[in-house]
Structure formats: C-alpha cells, structure tokens
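One structure is given here, and the rest of the page talks about it.
The values are calculated or read from the model by the stated rules, or taken from the named source; none is laboratory data. No experiment lies behind these values; they were computed from the predicted model shown. Cβ placement follows ideal geometry from the backbone for every residue including glycine, while neighbour counts extend to all protein chains displayed. These area figures cover heavy atoms from the full protein model, side chains too; ligands, DNA and RNA do not enter into them. Shrake-Rupley method; radii C 1.70, N 1.55, O 1.52, S 1.80 Å.
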Amino acid sequence: MVVDITIAGITVGDAHPVRIMGVINLSGESFYKGSVTEQGNVVPAAEQMVAEGADFIDVGARSTWPLADKITKEEERKRLIPALEQLIGTVDVPISVDTQCAGLAREALEMGAHIINDVSGLSADPGMAEVVHEYGCPVVVMASDRVPGDVIGMDAVMRSLGRMIKKAEDTGIAPDQVIIDPAIGKWVPEKVPMYDFETIDQLERLKVFCKPVLAAISRKSFIGEVVNKPSADRLMGSIAATAIAVYKGAHIIRTHDVADTDDAIRVAEAIKGRNITAGKSDCSIEVLDITSAKDAPGYFNRIGTTGMGGRVMKDKTVCRVLKINNVTTTQSLVIKQEALSIGCDAALPRDAVSHETDSVELILMGTELQLKRLAAKLECQARDLPVMAGLVRSALQRFKDTTYRYG
C-alpha cells in the first residue's frame, strides 16, 4: 500500500520528500488579499516560489472561497490564459491549473500545462473527466458531494473520495494519475472548525486509497477561529497545521508561503520517520496503521477479500487500550477472567490477586470486536459490572464521536 508515483516528472510518495505546490492566485475576490498576484508579477512570483522550494506551481483565476463574488467563465479565461502564456516554458517546474471548467482545462493543457486541480472532484463540468483522460494528465480531485468541499466529517470525506476515484478510473483515467484532496476548509457554512481538526488528525486514514494526498491548509478560516486573527496573520497557525498534516501522511502541501512551509515540512518529516517495512528479494512485510475499523474493508478489497469477509473482520483490525479506575478487586478479577475467555486481556496490580486492597485500577486491551464482546458478557454479571459494560461501550463510541473529540 506504499505510494510511489511520478507526477509530471516529479517523484511523489511515502519514500520521497513531501512536495510543495506554490499558489499563484489571480483572483481579487479571494479571502486572502495578500495572496493575489497581478499579471505583471506572475513570473517573478513563481520564480521566487521555485527558488524557495516549490516543486509545482498552481495557477487559479477563480476564487473558490464561498463568500467570493462570482465571475463568468470568460472572466476566468481572461485572467488565466495570459498568466499561463507567461509561465509555461519560463518556469522550470510543472504547472497545475486550478479550474472546474473542462474547456479551460483543455486550453491550458494544449498550451503545455501539466496538471488539473479540480476542487469539484470532476463533477462541476461533465466534460472534465474526459479531458483529463484524453490528455493523460495528473488530476487533483477534492472531496465533494453536491458542491465543492461540502463533505462534513472524515467518514464523509472517505466516502466521497472513494466515489471520485472510481469515477476517474471508470472514465479511463490512469490510477497513478489521481491525487486526492480531503477538502480542508470552510467550504460550506455548516462546516465548523472541528471537522477540519478531525480531517487533519485522521489524515492517515487516506492511506487506504494508495494515492498521493494533497493538503491545502494555508491561512484558512479554521486557523483564524483558533488564533482569532485575520488571514494576513495566520502564517504561524498554518505552519503548525501543515506540520501535523505532514506527520499524518500528506505528500503535497499547497501553500501561499513556500519558504516558511518548506522549513516546517522538513522538520515534520524528520520527526515522522519512515514507514515500517521488512523484506527480501522474494517477500516483504508492510505495517498497516489502521486507526478506524471502517477503513479496513478497503484494505481487504485491494487483496481480493470478499465483501462479507471484510465486514466480518473489520472490527478485528483496530486494538484499543482502556484504563478502568476504582474497581473492586473482585470486579477486576472477574473482568480479567472474562477478558481472557474471549482472547483479550487485562493487566492488574499484584494486590488485586491477593485481595490486599479494596479497589484497584486495571488496563484492558483488545480489538474493538473483543471489547464489544467483553461488554456483552459483563452486562450479564453482578457487582456493578453492567455499569462497567456501559462505560466500555461509551469509551469505544467516543473514538468515533467528532463532537466529543474535537468540539
């Protein structure tokens, strides 16, 4: 499940440095006015980004900020095409074009652009998928349902990206040309900051797709709501979120601030270390870091497991360790016995075994499936053990509760 591909001549993946996509923003309607580049400064701005470490340049002429004034396709074209004429052949990195319009994408690719970045996930313009297929170019697809970025919560992000990947591949787009974007940011009013916190914190769940992950975090509103600062003053907050995204598995960072972002990325990479693998010429082992049982069927599907088999086994893929406080020694011994009977375990202090103390703490460990079964067994016991059963179920549920964890 290791990501290792080449995008427009640039190697991207788990064994390669995290890449930087510098933003050339031609839209005066954007939320971050300091990012807007005038036509006369397009090439110097791009050259500075490349000198600071940008591996790609992403050019956009239409603001995707939900509160921005809308512009016509013709206005988008009037801004975009002159900028591309200046950049293509002048700047020595691949050029990405941020557009939802198939006609503009085709024109840009004809001019020599390399990548299409479609925040609608190939859904705003029915012709976009065919254009990407025709030109064989890499494409960034952002998690979306009805409108760009309207997915709420990481489970919805996963479902949306799964559909988009299937649509791309059904259209004939090569699997190694699809880059996924989890739609970080306040794309719709109901997307409050805790959903972006959840997405960044759970970014490693995207590994199941075996695609390069692009994270666009730079100066977005969820950062502003934490630090209580306008977009112009959100650099340090962006750097913090970027470092976490890299640690959690992002392969490409899209940013307005290349030099500072590059420093953050390199430090985060050094702390993160490498994927754990072992092997020799005819066999290898890769550690799968599955943190949500919901994602396990995706891994199973990739090796040909049946759908039924995947559903049965998914709760066996995630282990949890729970510390239970202030239980009687008798209760602790019953919990230990019942845990062992279904294949999990509980660590007890020595005093519990000898009954030298009235109450103890214990550490319970097992897969989610085992812990659910343990709760069912404790439900039938006496001595307040049904209460413990409810607490175990509550703790397991809170791993899945966005409001509890991030709200």
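Some points to look at:
- Scope region 1-10; condition open to solvent by less than 50 Å² (accessible area, probe 1.4 Å) and farther than 14 Å from Ser96 by Cα; matching residues: Val3, Ile5
- Elements of type helices (runs of 4 or more DSSP H) contained in region 257-314, each with 1 or more residues being at pLDDT below 95, among the aromatic types (Phe, Trp, Tyr) and in contact with a helix residue (DSSP H, G or I) (Cβ under 8 Å, 6 or more places away or on another chain): 296-302
- Against the criterion of being in contact with a Cys (Cβ under 7 Å, 6 or more places away or on another chain) and open to solvent by 10 Å² or more (accessible area, probe 1.4 Å), Leu109 qualifies.
- Count of region 61-74 residues, restricted to those that are open to solvent by 60 Å² or more (accessible area, probe 1.4 Å) and under 25 Å from Pro138 (Cα atoms), is 4.
- Residue tally, condition surrounded by 19 or more Cβ atoms within 10 Å (Cβ to Cβ) and in a strand (DSSP E or B), over region 14-60: 12
- There is no residue in region 153-174 that is closer than 27 Å to Ser30 by Cα, surrounded by fewer than 20 Cβ atoms within 10 Å (Cβ to Cβ) and acidic (Asp, Glu).
- Of residues in region 354-371 being over 21 Å from Asp289 (Cα atoms) and touching a Lys or Arg at 6+ places or on another chain (Cβ under 9 Å), the one modelled with the highest pLDDT: Ile363
- Restricting Asp150, Asp125, Asp145 to those that are touching a Phe, Trp or Tyr at 6+ places or on another chain (Cβ under 8 Å) and acidic (Asp, Glu) reduces the list to Asp150.
- Residue in region 58-73 that is among the aromatic types (Phe, Trp, Tyr) and either over 27 Å from Ser231 (Cα atoms) or at pLDDT below 95 (or both) present: yes
- Residue match in region 230-251 (condition: open to solvent by 40 Å² or more (accessible area, probe 1.4 Å), without any contact (Cβ under 8 Å) to a residue 40 or more places away in the chain and assigned to a loop (DSSP other than H, G, I, E, B)): yes
- Note on region 188-215: residues that are in contact with a strand residue (DSSP E or B) (Cβ under 8 Å, 6 or more places away or on another chain) and open to solvent by 30 Å² or more (accessible area, probe 1.4 Å) amount to 1.
- Yes/no for Gln337 being of a type outside the set (Ser, Thr, Tyr), open to solvent by 60 Å² or more (accessible area, probe 1.4 Å) and over 27 Å from Gly153 (Cβ atoms): yes
- From the list Thr317, Thr328, the one residue that fits, being open to solvent by 30 Å² or more (accessible area, probe 1.4 Å), under 26 Å from Ile276 (Cα atoms) and in contact (Cβ under 8 Å) with a residue 24 or more places away in the chain, is Thr317.
- Pick from region 318-371, criterion polar (S, T, N, Q) and assigned to a helix (DSSP H, G or I), ranking: farthest from Leu385 (Cα to Cα): Ser354
- Restricting attention to region 346-404 and to residues that are out of contact with any Ser or Thr (no Cβ under 7 Å at 6 or more places or on another chain) and among the hydroxyl-bearing types (Ser, Thr, Tyr), the residue that is surrounded by the fewest Cβ atoms within 10 Å (Cβ to Cβ) turns out to be Ser354.
- Residue check for Ile276: surrounded by 15 or more Cβ atoms within 10 Å (Cβ to Cβ) and of a type in the set (Val, Ile, Thr): no
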